[in-house]
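Accompanying notes for the structure given below.
The values are calculated or read from the model by the stated rules, or taken from the named source; none is laboratory data. Just so we're clear, the structure is a prediction, and the values are computed from it rather than from any experiment. Note that each Cβ is placed from the backbone with ideal geometry, even for glycine, and that neighbours are counted across all protein chains shown. Heads up: the accessible areas ignore ligands, DNA and RNA and are worked out on the full protein's heavy atoms, side chains in. Shrake-Rupley method; radii C 1.70, N 1.55, O 1.52, S 1.80 Å.
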Amino acid sequence: MIASASVIIPLVAAMLCALPRISRAARPIAASAGLAVVALSGLAIASERSTGTRTTWAPQVGAGFAVDVDGVSASLLVVVGLLFAIGAAASARVPHRRAYFALWCLVLALLTGVFVARDLVLFFIFWEASLVPLAVLVWQWGGVDRRAAATRLVLHNLAGSAPFLVVVVTLAVARGTLDIDTLAARRIAPGAQLLPALLAVSAFAMRLPLFPLHGWMPRALVAAPIPVGLVIAGGLATSAAYGLVRVSLPLFPQGMSTAAPLFMALAAIGALYAALIATRQDDLRRLVAYASLSQLQVVALGAFAASAMSVRGAVLATASHGVVVAALLLLAGMVARRTKSFALSRAGGLAAATPVLAMLFTLTICGAIGVPGTSGFAGSLVTLAGAFDRFPAATDAAAGVFIVAAVYGLVAVRRVFHGPPLATGTDLGWRERALLAPLLALIVLLGVAPTLLTDRIPSDALPAVEAPR
Amino acid sequence: MTLLLVVALPFTAAIILALVGARLGRYAGAFLAASLALSFGAALAIAQAFFAGKISLIADTGIVWLPLRGADFALRVDTPMVPVLVGLTAVALLVWLASLGVRDEGTEPARSGAAFGLTVGALLLVVTASNLVLLFAGWELLAVGTYLLVADRRDRPAAAAAALRSLIVARVGDSALLLALLWYFGTFRTSDIGELAQRIDGFGTQPDAVARLQAALLVPSLLLLVAALARSAQLPLHVWLPETAHTGTAASALIQSSVAAAGVLLLLRVAPLLSRDALAAAATIGAITAAFAALVALAQSDRRRLVAWSTVSQVGLMFVGAGAGTTSLVIVQLLAHAFGKSALLLGERVRGRRAGALALAAGALSIAVIAPSLLTAVALSVLLTGVYTARLLRLSAAPRHERPVGGALALAATVALAVTALTLAVVTASGSPWVATIALAGLATGVAVTRRAVRPPLPVWLVAAARSGFELDALYRLSLVAAFDAGARSVERGTERVVAWAGDAFGLRVARLGRQLERAQRRYAGAAEALAIAAAAALVAFWSLR
């Protein structure tokens, strides 16, 4: 019930936003849709009653309409819903409001569907469908590079997810059902799991994105308007991490374990690689894109290491990444509004004029670089501690990210806020503070009390303890 | 509960000042002073309990912080750490009180107060954390607090660069500490320091197991040593401390007296977890740094840089003691250095009788810390450290009416500084002649210079080389920083271009294929039907051949 409602309510909101009469109320409607998702997920966390619905569509194939919300999806949905609500509130002066907010609510509905679907066909439908309105948003409302960025967004992700269909067909033939929980209980033979695991992971690796497949992301983040960038960096990546942890890991554990060394190496190298490139960026949005990439490689590290603690860390790091990157993008937008461009070379000495902005920016950067007390540290430490047992080398390499992250984070702070005043502007207004406050509160809350989230993860969502290699 | 107050009060004050400090205006300083005074009082209460016979105090809130075993919000104090707790809270309180009368340009009381409170809280967390995760948290927050303190002078363009450098060097140490933490947690399945010490001690009965354990412990112990070196500005990670010469009064006093000693505190706290070779390495590096930094300090002509280099040197001597295992002597030295160095730094800026009296009280307190039996050995080390003060006084050749509270303060500072050198007897008793030789060399330098009353009898070229720290700074900039930049640039221009090109090439192929298909469809209008017939034929063939 709750699960279906969390998909239907944004759909209804999308239709409402498209109505011509109430176009002035489109923004509040979109924001409320996001908040409704947050509220429903919170309800799902708090309640003990069952929240799912299951009906059968195609019994011959074993496909059906199965939706359910468990601890992991509810926690991540809270973050995603919050991001959508804040992004909608931040889209103040957009042309063609009705179309924009209708598409916005549509993306929310489809992305929520990814988190609640417990049937593989349903999952795949929502997975692919969420790309379409997002691409339209980038294509129509984006910046200079928008056509190319939107094309690459769609092409790369579709190409990555196409092999997933092969996996769906394989499982339908092999087991006769496509219900994820049933399939997780009756897995296919361990020796035969490698190929389906690789094909399933390709979809999630393309969207996360995992290290060599990240070509579409920085461009998309730069070309999209800031709220849409929030969705790309926060929503898409969170859904990919969710898929890794809740779809491919329960279905093909031995296959992923066989392929784990390769992916761990890619993730460790990718974390350092992305952090290194972030130090060279002049455009604030590209810097945030590569910072986000670096944090997501740590998520991938936790998911592929597949120990109970590393998966907890991966979920925590995913939630942390969502809020941190959202706050960074919003702050980048606020800085750009004052310096009239996103270039770091045009900014300087803002701290004198905008001390509150400087303080919030420094706090968010601390969250990005992993200062204890912020969610970034909690996620990274739990992930690395969980991954250290089986993969000490990859974990040691990934710990080097701490050093490089400090370089790009604090160089950004220095170039924007310290030094001779090249730019000036007014300090944060109450509207901007209201946008940032929930994100920063969540960063600190998850940093000081991460067990609030990790305790919600049901133990059957975590991999069982495997025999030591 | 009292222990929690000691650590929580500075943090709370920092948070409140960060959030609403701008509203408080002038009273921000008084607010922080009140919190620090309460924290000091709580520390005194704990000391009183220990005098009454307590051996250790554990404050376990029972709240689990991270889902790792042993990572609770739990604090712990044993007997050796009680004087450190009292001393550090006292130093923090006195430094802040004395700096209330000083107005540094480019700073605001609320912002400096928040950074100060954060640093003090983090330092106390490092002293009292009961598990490695909380220790790491305090360590990292100490790095952030130092960054904020150093970056606080908005009117100095060098401030931001120096702050960045301090945090990067600290982060190198932090990642070493993180790796050590991961190793200890992965091997022993707990992060509680007491439990780890117990498990490592438990090997003590079987000799071959002990040998294997020592070999296994070597790498994580070296990592912990690197963390301590980075925080305390020892060779080769010393480059950040002399750059902080421009920081404000309270900030520089806190950083040089207490924060630089945090590395020593780390070594003292995790000493049961370290291998013996790592401790010997700590002593060696400390001795080398003490001699090196003493030489560089003597060649400085800038007053602040001289003080910074002298801090490096004296913390090196503390490392020698920590490596030799003489915990109580190191703590005495640490406290005396904390009080003396802050008195020295405050004496430069602080004017007026009230502040001077405060600083004198600080100096007197440091004398009270001395145990009488040490005086004989201490007299030998007066020479080495008194040289700094003498040179300092010579540099302060300002006219008399402008000179800040000088004479008595400097005397107190000198005596206190003198206490900070470790005795040669202890050094030779640890059995390492290498360490003793280097420390002797440093002392001999001090004796020679004192006899000449301040001007170093060194050749000009040596002085010139030493003034810039033997160009280690430039060496780092050329090798590490340039290599990092070159590596990042090549990665960006090389691999990232390839990845972007590959994505574009793939997109171009797909687009071209689509256009070709469209053209083919238009050219061969009947193609759709032909394809359908061909597909049906293929299916028939497939099914018939099965």
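Residues of segment A:356-392 falling in the label zone of A:Leu452, defined by backbone nitrogen less than 20 Å from a point 7 Å along Cα to beta-carbon, are A:360, A:363-383.
The stretch between A:Thr55 and A:Val144, if pulled fully straight at 0.36 nm per residue, gains 27.5 nm over its current Cα-Cα span. A convex hull fitted around the alpha carbon atoms of segment A:42-91 yields 103 Å³ per residue. Working note: Debye formula, equal point scatterers on the alpha-carbon atoms of segment B:98-143, no solvent; log10 I(q)/I(0) at q = 0.13 Å⁻¹ is -0.38.
With a simple spin-label model that places each label point 7 Å from the Cα along the Cα-to-Cβ direction, the separation between B:Asp473 and B:Leu44 comes to 4.2 nm. Relative contact order (percent) for segment B:63-175, with alpha-carbon contacts under 8 angstrom and 6 or more residues of separation? About 26 percent, as a whole number. Rg ratio for segment A:117-200: its Cα radius of gyration over 2.2 N^0.38 Å, N being its residue count, equals 1.37. Note on segment A:294-354: Rg/Rh from Cα positions, Kirkwood definition for Rh, rounded to two decimals, is 1.23.
Any idea what % of Cα-Cα pairs in segment B:42-180 are farther than 17 Å? The proportion of pairs with Cα distances above 17 Å equals 67 percent.
A dipole drawn for the protein assembly as shown from +1 and -1 charges on Cβ atoms has a positive end, and of A:Thr151, B:Ala483, A:Gly113 the residue lying farthest that way is A:Thr151.
At full extension, A:Ala353 and A:Ala189 could sit 52.7 nm farther apart than now, given 0.36 nm per residue minus the alpha carbon distance.
Using the Cβ-Cβ distance between B:Thr79 and B:Arg489 with R0 set to 45 Å, the FRET efficiency works out to roughly 0.25. Built from the Cα atoms of segment A:95-150, the convex hull projects on average onto 4.0 nm², one quarter of its surface area.
The share of alpha-carbon pairs in segment B:168-215 lying farther apart than 15 Å comes to 55%.
Summarised in one figure, the compactness ratio Rg/Rh of segment A:246-321, Cα atoms and Kirkwood Rh, is 1.05. Shape descriptor for segment B:76-124: Rg over Rh equals 1.08 (Cα atoms; Rh from the Kirkwood inverse mean 1/r). Rg and Dmax of segment A:332-400, both derived from C-alpha coordinates alone, stand at 17.0, 50 Å.
Among A:Cys366, A:Cys105, the order of accessible area from largest down is A:Cys366, A:Cys105, computed with a 1.4 Å probe on protein heavy atoms. Along its principal axes, segment B:97-249 has C-alpha extents of 62, 28, 23 angstrom, given from the largest down. A convex hull fitted to the Cα coordinates of segment A:358-469 yields 111 cubic angstrom per residue.
Starting from the Cα of B:Phe506, move 7 Å in the Cα-to-Cβ direction to define the label point; list residues of segment A:226-246 whose amide nitrogen is under 15 Å from there. Within reach of a label on B:Phe506: no residues. Considering segment A:1-76 at the alpha-carbon level, its Rg and Dmax are found to be 15.2, 48 Å. For segment A:1-138, the mean projected area of the C-alpha convex hull, equal to one quarter of the hull surface, is 8.3 nm². From largest to smallest, the equivalent ellipsoid semi-axes obtained for segment A:276-431 from the alpha-carbon gyration tensor read 32, 14, 11 Å.
What the pair-distance distribution of the protein assembly as shown shows, using all Cα-Cα distances binned every 10 Å from zero, is 2, 11, 19, 22, 18, 13, 8, 4, 2, 1, 0, 0 percent. When the surface is traced with a 1.4 Å probe over the full set of protein chains, B:Ile168 keeps roughly 40 Å² accessible. Here the simple spin-label model places points 7 Å from the Cα toward Cβ, and for B:Leu531 and A:Ser341 these points are separated by 4.8 nm. Each semi-axis of the equivalent ellipsoid for segment A:160-261 is √(5λ) with λ an eigenvalue of the Cα gyration tensor; in descending order they amount to 29, 14, 11 Å. Annotation for B:Thr2 and B:Ala538: the two label points, set 7 Å from Cα along the Cα-Cβ direction, are 8.5 nm apart.
Peptide A:62-71 shows a mean partner chain C-beta count of 0 within 10 Å per residue C-beta.
An ellipsoid equivalent to chain A, defined through the eigenvalues of its Cα gyration tensor, has semi-axes of 34, 26, 19 Å when rounded to whole angstrom and sorted largest first.
A viscosity of 1.306 mPa s and a temperature of 10 °C, combined with the Kirkwood radius over Cα pairs in Stokes-Einstein, give a translational diffusion coefficient for segment B:287-335 of 144 µm²/s. For segment B:195-338, the convex hull drawn through the C-alpha positions has a volume of 101 cubic angstrom per residue. Averaged over the residues of B:175-187, the number of partner chain Cβ atoms lying within 10 Å of the residue Cβ comes to 5.
With coordinates expressed along the principal axes, the C-alpha atoms belonging to segment B:469-533 extend over 84, 17, 7 Å, beginning with the largest.
Remark: accessible area buried at the B-A interface is about 4300 Å², both chains counted, probe radius 1.4 Å.
Gain on full extension, evaluated as 0.36 nm per residue between B:Asp155 and B:Ala482 minus their Cα-Cα distance, stands at 114.9 nm. With q set to 0.16 Å⁻¹, the log10 of I(q)/I(0) for segment B:32-102, from the Debye formula over equal scatterers at the Cα positions, is -0.69. Scaling the Cα radius of gyration of segment A:74-233 by the globular reference 2.2 N^0.38 Å produces a ratio of 1.13.
Computed over protein heavy atoms with a 1.4 Å probe, the carbon and sulfur contribution to the accessible area of chain A reaches 67%. Scoring B:135-148, A:108-121 by mean Cβ neighbours within 10 Å over their residues and listing the highest first yields A:108-121, B:135-148.
Each principal axis of segment B:1-122 carries a Cα extent, and these read 45, 36, 17 Å when sorted largest first.
Where only DSSP H runs of four or more residues are counted, the protein assembly as shown gives -24000 deg cm²/dmol as its mean residue ellipticity at 222 nm, each run worth -39500 (n - 2.57). Over all orientations, segment A:67-125 has a Cα convex hull whose mean projected area works out to 4.3 square nanometres.
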